[in-house]
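Pasting a structure here, questions to come.
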């Protein structure tokens, strides 16, 4: 949620953000009008409260004051009810407004408009036609998509045998690496209250992506960002304790509504996947720094694994409403024949912390809302990128050296 002062002092900033996102500016004008109405009602209520207090002080010596206070209380009750309605209407309108955008965000409507920043790694020149991860995984007996659909439905799958061991090694290695870099490891719930999803910006903006639990005000998490950012809801963090850097491995659940027509063969786009997340709470002046640090971590993992990749600056149309600026890292998939997103990294500024009321306090008394960074560290997509990049002509797959101490084997097949 953006600061209401922006609507009062610089509403054009909010209008520009909406225009660049392809959204109607009407929501800004409506919010400005609601804020103006709210402030007028507030002035009236505060004046009535002041007059009530003045008259109450005279009640002992002035009988007429008692009558006046009684009538004033009745009028005040009506005014306070109007004030509560005005506050609710303003809050509801502002909760649907997107974050401001960094001036550096590229224009564009789809991922084709993302701006490439750099490419790293050497794309392998195969002496044979490379297969995709489905053919590799099924032939090796380490990936079972058919039975995933049988037991659950399409979009669910099994890792088996050395495939499961490879994924376990991958997730463990990444978590241990992040702990060495200063992150605190967490196990989180796999469900979250709808209020938490609202606070993190997933509601109302991504409501069609969420699996809600029947007869509960709960939903399956789509990312541990939701539970990790929600962890400090309603708290004031001492500035001296910042940054707070958290990481967690969880299953993640998404409906993938709206993905029709996108390349979806195999387990690249599914309803359940597994992820290690990076979450940072920091001072506003440090958020760009930690945004870059999280990106460096993502690139480090791909370089250590030997997977070619590129980094893109995500355009306006490919970034969610809560984001201020976002980087995606895309790995090379030989079987697919192109780069595909494997991590995303978003600076959300104070959008989430205002909704969840997560603040900082400095020793000199300065207070404010923390900034949050949400960045993928690794998902199953890394595993399928390994299958495709390190496949051999005989159908086997070579395990990257970085993972061998954790797998206990250097080859699958």
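Hey, any hits in region 342-362 for a residue that's touching a helix residue (DSSP H, G or I) at 6+ places or on another chain (Cβ under 7 Å), assigned by TED's automatic domain parsing to the domain that holds residue 171, at positive phi and in contact (Cβ under 8 Å) with a residue 24 or more places away in the chain?
yes
For the list (1) over 17 Å from the mean Cα position of the chain (by Cα); (2) at pLDDT below 95; (3) surrounded by 17 or more Cβ atoms within 10 Å (Cβ to Cβ), I need the number of the one condition that residue 319 fails.
(1)
Ok, one more. Can you go through 272, 292 and tell me which one is in the same structural domain as residue 388 (by TED's automatic domain parsing), free of Cβ contacts under 8 Å to residues at least 60 places away in the same chain and within 19 Å of residue 375 (Cα to Cα)?
292
Follow-up. Hey, any hits in region 128-146 for a residue that's in the same structural domain as residue 391 (by TED's automatic domain parsing), more than 20 Å from the chain's Cα centre (by Cα), free of Cβ contacts under 8 Å to residues at least 40 places away in the same chain and within 18 Å of residue 251 (Cα to Cα)?
Checked region 128-146: at least one residue is in the same structural domain as residue 391 (by TED's automatic domain parsing), more than 20 Å from the chain's Cα centre (by Cα), free of Cβ contacts under 8 Å to residues at least 40 places away in the same chain and within 18 Å of residue 251 (Cα to Cα).
Residue-by-condition table, conditions (1) in a helix (DSSP H, G or I); (2) touching a residue at least 40 places away in the same chain (Cβ under 8 Å); (3) outside the structural domain of residue 205 (by TED's automatic domain parsing); (4) within 26 Å of residue 108 (Cβ to Cβ):
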| site | (1), (2), (3), (4) |
| --- | --- |
| 17 | yes, yes, yes, yes |
| 33 | yes, no, yes, no |
| 44 | yes, no, yes, no |
| 60 | no, no, yes, no |
| 87 | yes, yes, yes, no |
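When you scan region 317-325, do you find a residue that is closer than 23 Å to residue 172 by Cα and in contact with a strand residue (DSSP E or B) (Cβ under 9 Å, 6 or more places away or on another chain), even just one?
No, region 317-325 contains no residue that is closer than 23 Å to residue 172 by Cα and in contact with a strand residue (DSSP E or B) (Cβ under 9 Å, 6 or more places away or on another chain).
This table checks each residue for (1) more than 23 Å from residue 406 (Cα to Cα); (2) surrounded by fewer than 14 Cβ atoms within 10 Å (Cβ to Cβ); (3) touching a strand residue (DSSP E or B) at 6+ places or on another chain (Cβ under 9 Å).
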position	(1), (2), (3)
114	yes, no, yes
122	yes, yes, no
125	yes, yes, no
143	no, no, yes
151	yes, yes, yes
154	yes, yes, no
172	no, no, yes
177	no, no, yes
187	no, yes, yes
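The values are calculated or read from the model by the stated rules, or taken from the named source; none is laboratory data. The structure presented is a predicted model; accordingly, all values stated were derived computationally and were not measured. Cβ: placed from backbone, ideal geometry, glycine included. Neighbour counts: every protein chain shown.
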